[in-house]
1. Show me, for region 114-121, the HN-Hα J-couplings you get by feeding each phi into the Karplus relation (A = 6.51, B = -1.76, C = 1.60, θ = phi - 60°), rounded to Hz, glycine and proline as x.
2. Tell me which residues come under 5 Å, amide H to amide H, from Tyr340 once H is placed; ignore anything under 5 positions away on its chain.
3. Calculate one ³J(HN,Hα) per residue across region 6-12 by plugging θ = phi - 60° into the Karplus curve 6.51 cos²θ - 1.76 cosθ + 1.60, and present them in order as whole Hz with x for glycine and proline.
4. In whole Hz, what ³J(HN,Hα) sequence does region 56-72 give by Karplus (6.51, -1.76, 1.60; θ = phi - 60°), x for Gly and Pro?
5. Rounded to two decimals, what is Rg over Rh for region 1-156 when you use alpha-carbon atoms and the Kirkwood radius?
6. Under unit Cβ charges (Lys, Arg +1; Asp, Glu -1), what dipole magnitude, rounded to 20 debye, does the chain have relative to its Cα centre?
7. Have a look at the DSSP beta bridges in region 230-368 and tell me what percent are antiparallel, nearest 5.
8. Quick check: Cα centre of region 149-198 to Cα centre of region 486-501, how many Å?
Amino acid sequence: MQIRMVATTPFTDQKPGTSGLRKRVQAFRQPHYLENFVQSIFDTIDVPAGATLALGGDGRHYNREAIQVILKMAAANGFGRVLVGKGGILSTPAASCVIRKYKTHGGIILSASHNPGGPDGDFGIKYNTANGGPAPEKITEAIYAASKTIAQYRIADAPDIALDELGDSRLGDMTVSVIDPVSDYAELMESLFDFAAIRALLSNGFRIRFDAMHAVTGPYAREIFVNRLGAPADSVINAEPLEDFGGGHPDPNLTYAHELVEALYGGNAPDFGAASDGDGDRNMILGRHFFVTPSDSLAILAANAHLVPGYQQGLAGIARSMPTSAAADRVAAALGIPCYETPTGWKFFGNLMDAGKVTLCGEESFGTGSDHIREKDGLWAVLFWLNILAARKQPVEAIVREHWARFGRNVYSRHDYEGIPIDAANGVMQRLHDRFAELQACPEQGRGGAQFGHLQVRRCDDFSYTDPVDGSVSQGQGIRILFVDGSRIVFRLSGTGTEGATLRIYLESYEPDVSKHHLDAQQALATLISIALGVSELRQRTGRERPTVIT
Ligand code: G1P
Ligand code: ZN
């Protein structure tokens with residue numbers, strides 16, 4: 001096998017975002033684009049000779065081609081073995097599981113998560129370290145720095161590897177092991193949850209529906225729900241992974257998972273519904289005619305963890321991203337365990353889990369997970385819910401309402417304005433920064449915070465986080481307007497979009513009064529919503545009358 005050194009010049013836009021490098025498929029198809037980024041990863045991580053790499057993706061368009069390129073580059077960069085999922089498939093949580101189980105040096109995951117796929121859609125690539133989690137910022141920054149000075153990459157001249165046969169083959173001095181992408185993951189799930197109790201629940205007329213959205217979780221869901229738990233085959237819908245996700249937007253929320261939502265809100269609805277995203281790390285949970293807000297879901301899993309075998313020994317702590325509601329904080333306080341508030345993105349949970357400080361983590365963006373791996377995990381969250389339902393034998397809605405009655409309700413919503421001009425988005429953020437002094441209290445001048453009806457501003461800031469484990473500081477993580485009564489508004493620019501800018505507004509208030517728990521979140525948050533639009537001048541600056549997506 002011959003190794004070629006290919007001369008190249010840097011691209012200037014290979015800066016990883018919230019979750020790896022995401023671009024249009026066409027951008028990745030530019031000559032040397034993928035190769036430059038992969039070589040930048042390999043140069044940054046300093047591959048020990050003979051190391052093992054895990055490799056797989058969500059099966060979207062360009063997945064297979066990218067896998068072939070990465071295999072040849074891995075062989076040329078000194079790897080001894082690559083574990084690649086059959087067909088080039090590994091869900092993000094399964095990749096994390098494989099990295100940890102087989103103690104690989106790291107892994108490359110090909111996915112743009114919930115972004116649409118297909119020839120005109122998005123593609124993405126990210127590097128996960130030996131703990132199975134997304135590379136921390138110091139590594140992603142170093143990869144970006146390497147991408148700006150790259151002059152050559154190494155690639156083996158070799159024929160393509162057959163990805164559809166399990167087993168080993170050689171690529172020069174390197175072994176390529178094509179592995180079953182589902183079995184290690186399914187086994188891990190079986191070790192955490194009471195499969196017998198869930199099987200009994202499903203055989204007693206409790207009906208579930210899982211929407212794989214034509215993305216990566218189809219084969220995982222079939223194996224776990226149908227083969228191992230005995231659910232009827234039609235419990236899993238859109239189970240065939242497609243390179244373009246059937247033209248859909250594989251994001252499990254009320255807007256994009258509409259087929260599932262219609263079924264759960266229709267006549268003769270199933271008892272439980274769930275969906276996952278392109279790469280299988282997100283989850284949406286529905287009861288019959290009922291939506292569980294992801295922030296509430298995290299809190300409810302924590303409050304009921306003692307019912308689940310894998311968590312019966314207790315939780316070390318909980319972590320949530322800053323924009324996620326404080327519902328989990330209340331549970332942590334009741335359990336007498338710490339609750340950490342991190343910036344957006346799963347990579348910030350890794351250190352806390354590695355240090356044994358937290359067991360459960362979650363984000364408002366339909367991400368929940370635990371220290372069983374180092375990624376958020378869609379099917380894990382679904383199984384956790386099913387385990388609780390099997391133990392409590394109550395409907396989803398009753399469990400949520402009892403939770404609110406006990407802890408109070410953190411009323412929550414997120415409004416996304418997608419694809420707005422970057423300058424307008426930056427203008428909104430700048431305007432908010434400029435108003436901090438005017439909005440917040442100034443004790444020196446004997447002045448309280450700005451008053452909006454019954455709401456008074458306590459403080460404004462741009463969230464900054466100091467990692468309690470390694471001391472690293474992440475600044476500029478979202479503008480917060482915090483009110484005296486605990487309500488808050490957060491403004492953040494997305495780090496995962498590929499078209500213009502996406503501005504997210506996160507709204508939260510706290511309602512202890514059970515007689516008001518029936519209110520629709522948009523209704524209950526109406527005052528905060530109008531304050532958010534007013535202070536940010538969002539409508540004037542972007543010309544947008546309403547959000548693209550409300551969750
Ligand atoms: C979004 C979510 C964030 C999540 C990330 C990856 O990032 O908001 O919570 O970790 O996707 O799934 P954003 O686009 O907001 O930067
Ligand atoms: Zn995802």
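Read-outs: derived from the displayed coordinates by stated rules, not from any lab. Note that the structure is predicted; figures quoted are calculated from it, not measured. Don't worry about glycine lacking a Cβ; one is built from the backbone with ideal geometry, like all the others, and counts go over all protein chains shown.
1. Coupling constants for region 114-121: 8, 6, x, x, x, x, 9, x Hz.
2. The list, which skips near neighbours in sequence, is Ile318, Ala319, Arg320.
3. Values, residue by residue: 9, 6, 8, 10, x, 9, 8 Hz.
4. x, x, 8, x, 6, 3, 5, 4, 5, 5, 4, 4, 4, 5, 5, 4, 5
5. Values: Rg = 14.0 Å, Rh = 15.2 Å.
My calculation of the ratio gives 0.92.
6. Details: 52 positive and 63 negative charges, 141 e Å.
About 680 debye.
7. Numbers: 10 of 17 bridges.
So the antiparallel bridges amount to about 60 percent of the total.
8. 35 Å
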